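Input: a single structure, listed below in structure tokens.
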Amino acid sequence: MSRLRRILAVPETGLLVPLVAFALIFLCVDRTFLCPNSVAAMLRAVAFIGVIAVGQTWLMVVGEIDLSVGSVAGLCAVVASWVMKNAGWPTEAGLAVGLAAGALTGLVNGLVAVRLGIPAFIATLGMLYIARGLNYLLCKGYPIYPIPERLVAFGKGEPFGVSWAFVFLVAAVIVGDLCLRRTVFGRKVLATGGNAEVARIAGIDTGAVKISCYVLTGMLAAIGGMLLMAQLNVGQPEIGTGWELDVIASVVIGGVSLFGGVGTVAGTFLGLLIMQVVRSGLVVSGVNTHWQTVAVGVIMIAAVGVDLLRRRAKM
């Protein structure tokens, strides 16, 4: 019994139950739901927003939020493809510029929200529009192609039956989760999100910690956008449209508290899988595709409700 209690005390255990339940329900509806090709397709589908969700997890744990990640992903993909196609820069330099653009947008978000005191919701919503506008100004609304063959080959690669983007996601989840749990900086993030005033008294530069998480989120948004760019073989201005909603939904479903201080990257990964299993299951069930969005919204509200009940139970 004590061993069972320790297992149930792990936050991710509560996410495995609905994940397995949904998978079994849809498997009963369609016996091919969990066939290797179907599973591989679901894993490839979560890769791009999943990479960004890793950064958003850190940011929401520290008590902040970034609504601009989708637009930043699109902007960085277009910047990288423009530099490689029109400026003739080598592949590595183009990717570095795209990554730097993501870091810069994250830094701006952090400075505006933390140093100027503008609420993160407003600051990052403004960056959403700025990044989307710059995106279309740079490419004039047209896709930028072709991109270097090396990137195309990378984007089309399918190691282990999935994509390189999903492999990168798994690596990001492992590193991100371990760093949040085990490193000094990770503990500073948890302390800042749990109680910023106490963390400040303890000598933690909470402002610097929050800004660092904004920069990390911007960089991972850039990587997510450029991974999709490689798969599409084009710098598409529509890359990232609407991603911010899916990213935040997966993080919240994964157990990250909206109040900060609680959450894990592993939980976010399970939240991603729950969301994708429900969406794919509704498709194979023949349900109208618009019900997918309804289902995600219901699950997200339920996840927030569970978080509120958990917080009240601790009082």
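Laboratory data are not the source of any read-out in this text; all were calculated from the coordinates shown. Predicted, not measured: the structure shown is a model, and the values here were computed from it. When we count neighbours, we look across all protein chains shown, and the Cβ atoms used for this are built from the backbone with ideal geometry, even at glycine.
Karplus-derived 3J(HN,Hα) values for region 283-294, using 6.51 cos²θ - 1.76 cosθ + 1.60 with θ = phi - 60°, are 5, 5, 7, x, 7, 3, 4, 5, 5, 4, 5, 4 Hz; glycine and proline are entered as x. Excluding same-chain neighbours fewer than eight residues apart, the aspartates and glutamates reachable from Lys140 by a Cα-Cα span under 19 Å are Glu238.
Relative to the present Cα-Cα distance, how much length would full extension add between Ala93 and Leu27 at 0.36 nm per residue of separation? Don't skip to the end; give the middle numbers.
Working: separation 66, 0.36 × 66 = 23.76 nm, distance 4.57 nm.
Stretched out fully, the Ala93 to Leu27 stretch lengthens by 19.2 nm.
For the chain, the convex hull drawn through the C-alpha positions has a volume of 149 cubic angstrom per residue.
What FRET efficiency, computed as 1/(1 + (r/R0)^6) with R0 = 41 Å and r the Cβ-Cβ distance, is obtained for Ile122 and Ile301, rounded to the nearest 0.05? Walk me through the numbers on the way to the answer.
On the way: r = 23 Å, r/R0 = 0.57.
In this case the efficiency is close to 0.95.
Report the local net charge at Ser71: Lys and Arg +1, Asp and Glu -1, summed over other residues whose C-beta lies under 15 Å from its C-beta. Within the 15 Å Cβ shell, the charges total -3.
For the pair Ala208 and Thr241, how long in nm is the line joining their label points, each one 7 Å along Cα→Cβ? Taking the simple label geometry, Ala208 and Thr241 are separated by 4.2 nm. Annotation: amide H-H contacts under 5 Å for Gly254 (H modelled 1.01 Å from N, sequence separation of 5 or more, or interchain): Gly271.
A simple spin-label model places pseudo-atoms 7 Å from Cα toward Cβ; at Leu178 and Glu158 they are separated by 3.0 nm.
Give me the percent relative contact order of the chain, please, defined on Cα pairs under 8 angstrom at least 6 residues apart.
Relative contact order for the chain comes out at 33 percent.
Here region 31-83 and region 153-220 have alpha carbon centers that stand 14 Å from each other. Net charge dipole, the chain: roughly 740 debye, given to the nearest 20, about the Cα centre with Cβ charges of +1 for Lys and Arg and -1 for Asp and Glu. At an R0 of 35 angstrom, the distance between the Cβ atoms of Leu16 and Lys140 translates into a FRET efficiency of 0.15.
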